Each structure stands twice: as structure tokens, then as C-alpha cells.
1. Could you tell me whether the range 144-153 includes any residue that is touching a residue at least 60 places away in the same chain (Cβ under 8 Å) and within 30 Å of GLU4 (Cα to Cα)?
2. Tell me, please, whether a residue that is without any contact (Cβ under 8 Å) to a residue 24 or more places away in the chain, part of a helix (DSSP H, G or I) and surrounded by fewer than 21 Cβ atoms within 10 Å (Cβ to Cβ) can be found in the range 176-183.
3. Taking the residues in the range 136-152 that are aliphatic (A, V, I, L, M) and crowded, with 24+ Cβ neighbours inside 10 Å as candidates, determine which candidate is farthest from ALA125 (Cα to Cα).
4. Can you pull out the residues in the range 121-167 that are out of contact with any strand residue (DSSP E or B) (no Cβ under 6 Å at 6 or more places or on another chain) and of a type in the set (Gly, Ala, Ser)?
5. In the range 34-88, what residues are of a type in the set (Gly, Ala, Ser), assigned to a loop (DSSP other than H, G, I, E, B) and within 19 Å of VAL159 (Cβ to Cβ)?
6. Need pairs with beta-carbon distance below 9 Å; first residue farther than 16 Å from MET166 by Cβ and within the range 200-221, second surrounded by fewer than 17 Cβ atoms within 10 Å (Cβ to Cβ) and polar (S, T, N, Q); sequence gap 6+ or separate chains.
7. Against the conditions (1) modelled with pLDDT of 95 or more; (2) within 18 Å of the chain's Cα centre (by Cα); (3) not charged (D, E, K, R), where does TYR71 fall short? Just the number, please.
Amino acid sequence: MRREITSWFSHNLGMDMPLVSYGHAGHPLLMFPTAAADYLEYERFYLVDAIKDFIDAGLIRAYSINSVNKYSLLNKESHPGWKVEMLSRYDNYIMDEVLPLIRNEAGNDAKPLTSGASLGAFLAANTYFKHSDNFRGTIAMSGSYNIYNYLESYYDDNVYFNNPMMYLKNLNDDYHLPRLQNADSIVIVTGQGDYEAPDRSRELSAVLHSKGIPHLLELWGHDVRHDWEWWRKMLPHYLERFCS
């Protein structure tokens, strides 16, 4: 399996941002790490190994990036306004810097699928829902899609436009909503066991239903914990649907 690491100084974030890619061909998959983890987390916890067959067969070319969660949502010392400012800068980093790199390798019209687990599921879903014209869909595993509890009741435009449970409820435009209503690659999946919060996935699903946005909501069993053991099963299970 081809593995390449690259890094550059992000003008949007003001820091070095490394990225790792796996594979030589196939549909691009952009992966967002959990919590405050880094771009190599999915490799360390063998999730890359779990999708190795797709990569080796040239069906998927996977990209894994850093998050800025330790500077934003998980930074207890920062003002909430700065937390969401960092989320907006991160969104710009993805669109201005990461997406062009992927398209340089996968083709100018490539629309990556996004994926992530836990807090990475929020980042993956938020990226797709905000930019459904540039991404194919999302596989969001064990996520929470309302960031308001990280922000001490603070509110501004950056909060609104980075909170899927807010902006999706009010989405009535003639550009993004029709694209989402024609989506065929939205998966919201969670377990129902220890440390999982299936109601958060149900709540997102209800909003999507209210907007006529097709998606797959799947609740795995009560033995399915918020843990790598299950994410290593979930991601290849749903990639099979998109690669068949």
C-alpha cells in the first residue's frame, strides 16, 4: 500500500498541518480524527488496516488530516468566540488547501467522501453538509452534531454556520438544499452500548427527514461500544456499499 506524508504551513490556520495519504487510485476518502488526535490516529488504531482491501484494489484513496479540536472545541481556556473562529478557519483550510491537493491527485472533478468517528464524525458531517457541491457524502460514526454544549451559551455566525443541528433546520435555499435532497451517500451510524449516544444520531436523522434529505440511519446493537473495535467494522461495512 502506497503511503505518503506531506506537510505545509497553513495560511488559514497559521500552523504546520501534516496529511497522510494511502493508496494509488480510487475514490478519495477524507478522514477526520477523533477528539484532539492527529492525522496518524486511524493508522495507529488499525482503521486504515480495516479498509486496506479497498485501498489495495484501487477503489479508495484515503487521506487523513489533523483536526484543530485541541485549539477549538476542546480548549477549556479559550473564549468560545475563538473556538468557533478556529472551526471556520479549519473549514477554509479544508476547502482552500486540502481539497485542491486531493483534486490534484484524484482529478479536478473529484468529490471526496468524508468520514470520522466521535468528534471526527461531527467534522466529517459538517464538512459535507456545508459543501455538498464539493463532496460526495459522509459516513459519520458515533457522532454528536450539536456543538452548543462546548460554547457556554455563546452565539455568533460562526456558531450557527458550524452547527449542523442549527443551519440544517433553516436550510431552504435553491442551491444547497436540492443537492442534499439528491444525495445518495449519507450514512449516520452509531452503537447503543457503553459511551454511545444514539439519540444524537436520531436527532440529526429527524432534521434530515424534515428537509427531505435521503440518508441511512443505522443503530447497531446494545453491545456496540464507543470504541475502535466497532469503528473498524463500521467503516468497511459502509464503504462496501459505495464501492460495489
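The values are calculated or read from the model by the stated rules, or taken from the named source; none is laboratory data. Keep in mind that what you see is a predicted model, and the values were worked out from it rather than measured. As a convention, Cβ positions derive from the backbone with ideal geometry for all residues, glycine included, and neighbour counts pool all protein chains shown.
1. no
2. Yes, the range 176-183 has at least one match.
3. Kept after step one, since they are aliphatic (A, V, I, L, M), are these residues of the range 136-152: 139-141, 147, 151.
Filter again for crowded, with 24+ Cβ neighbours inside 10 Å, leaving 139-141.
Details: ILE139: 8, ALA140: 6, MET141: 10 Å.
My answer is MET141.
4. Those that are out of contact with any strand residue (DSSP E or B) (no Cβ under 6 Å at 6 or more places or on another chain) and of a type in the set (Gly, Ala, Ser): SER132, GLY143, SER144, SER153.
5. Our first condition is that a residue be of a type in the set (Gly, Ala, Ser); within the range 34-88, this holds for 35-37, 50, 57-58, 62, 64, 67, 72, 78, 81, 88.
Cutting the leftovers down to assigned to a loop (DSSP other than H, G, I, E, B) gives us 35-37, 57-58, 67, 72, 78.
Once the filter is applied, which keeps residues that are of a type in the set (Gly, Ala, Ser), assigned to a loop (DSSP other than H, G, I, E, B) and within 19 Å of VAL159 (Cβ to Cβ), the range 34-88 yields SER67, SER72, SER78.
6. From residues that are farther than 16 Å from MET166 by Cβ, the pairs are GLY212/GLN181; PRO214/GLN181; PRO214/ASN182; LEU219/GLN192; TRP220/GLN192; GLY221/GLN192.
7. That leaves (1) as the condition not met.
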